[in-house]
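Since the structure comes first, as structure tokens, the remarks are kept for the end.
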Amino acid sequence: MSVQNQTPFNSYTANGATTVFPFTFLLLEAGDLIVEVDGVVQSTGFTLAGVGAPAGGSVTFAVAPANGLKVLLKRVLTLQRLTDYQNNGDLLAATLNKDFDRIWQSLQQLQQNDIRALKLPFDTPADQVIPEGAAARANKGVKFDGSGNLILTTYDPDEAQTDSAAAAAAAAASAAAASSSEANADASEAAAASSAAAAAASATQAETTPVAAPTHAAASKATPVDADEIPLIDSAASWVLKKLTLANVKATLKAYFDTIYSTLAIASTAEAQAGTDNTKAISSLRLREGLNAGGSAPIYACRAWVNFDGTGTVAIRASGNVSSITDNGVGSYRVNFATALPSANYAAALGGYAYPLQVDHIGSKTASYCDIFSFYASSTGGGQARYDIADANFAAFI
């Protein structure tokens, strides 16, 4: 059969329901068809119909591709010749036609690649090539010189925003001059303003576009430091690109939050002691003053507490502001405070009673420790003797 002038691909956007997608070109062999869904080549999950039909056929998916995905059916031939004609052999029309058909299909495939390539006019006097090696091409761009010849740029394209910023500034200056000289001509002024806005927008786009790709491709930094820089589009300076250090960001945020913190109402010592105002915060200073000042309604708090086993090797089960228990002998213990109390004038609460054992005596008291004792209470003779107790409790309030 003859090979018609055909485009060797069909492209569709799936809707999540359609399973059948036609192809409108001649397919001599099933292996010549490439099926892609969202750029991924599919090897299973579909059936093929219409191989050998001049007008094409169809691909039927077992499951409809998801809505919005691109479905691409394209004919891709491997550029090779497998048929070898023999001397004095049969020159069959079917074999010869198929061989020629594949040649023309290959040419159609190359034509599709050619029409999508960047090309110079036919009358270009010489080949346009870049002779430099890889090292010389690194971090360079491609442009045409004053004669229209292809050359490398002398700067990194990622730094193009610098030139764009200058262009934006020049456009703004030009617009300002035009506006000043034509202040009495409303129509001309409006035209100049429109032109300036378009120039500024174009310059801004040209300036910011090169930033996106290299920023996205750059390596991440988990812990920034004050000297690190962040790109910023300045709205107060015609939207030009500027840089902002992390130190600037922190200083700006501190100044902002300081204005919020300054509006918080802090309770006075008297208000903290009275405890009647639920709208004001109590600072650590007010809390300390309230704890130490006393008064008609002082703030009291447990400043240290502990539960421990006083038998054998003394062991703390749980505690608050108690660093250790010193074993001073049978039934004698010293509770050591991790942070000294404001004074020695605290109230000590003792507990731990499992008849006939009990903790019921306080010895020396300082702001740093308190001595306590446990006894064996005799039910017959009425006497007491010191005895280690397994469940001792102590708390200090001030």
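All of the numbers you see were taken from the coordinates with simple rules; none came from a lab. No experiment lies behind these values; they were computed from the predicted model shown. Cβ: placed from backbone, ideal geometry, glycine included. Neighbour counts: every protein chain shown.
Key figures
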item: Charge dipole (debye, nearest 20) of region 302-397; +1 at Cβ of Lys and Arg, -1 at Cβ of Asp and Glu; result: 220 debye
item: Once the Cα gyration tensor of region 302-397 is diagonalised, semi-axes √(5λ) in Å; result: 23, 14, 11
item: q = 0.17, 0.19 Å⁻¹, region 1-151: log10 I(q)/I(0) [Debye, one scatterer per Cα]; result: -0.98, -1.09
item: Lysines with Cα under 21 Å of Lys74, excluding same-chain neighbours fewer than 8 positions away; result: Lys98
item: Over 27 Å between alpha carbons, listed pairs Lys140/Lys243; Lys119/Lys140; Lys70/Lys140; result: Lys70/Lys140
item: Principal axis box of region 231-281, alpha-carbon based, largest edge first, Å; result: 58, 19, 11
item: Farthest positive-ward along region 302-397 dipole, Cα basis, beta-carbon charges - from Ala340, Leu357, Ser319; result: Ala340
item: Cβ-derived FRET efficiency at R0 56 Å, Lys250 paired with Ala347, nearest 0.05; result: 0.75
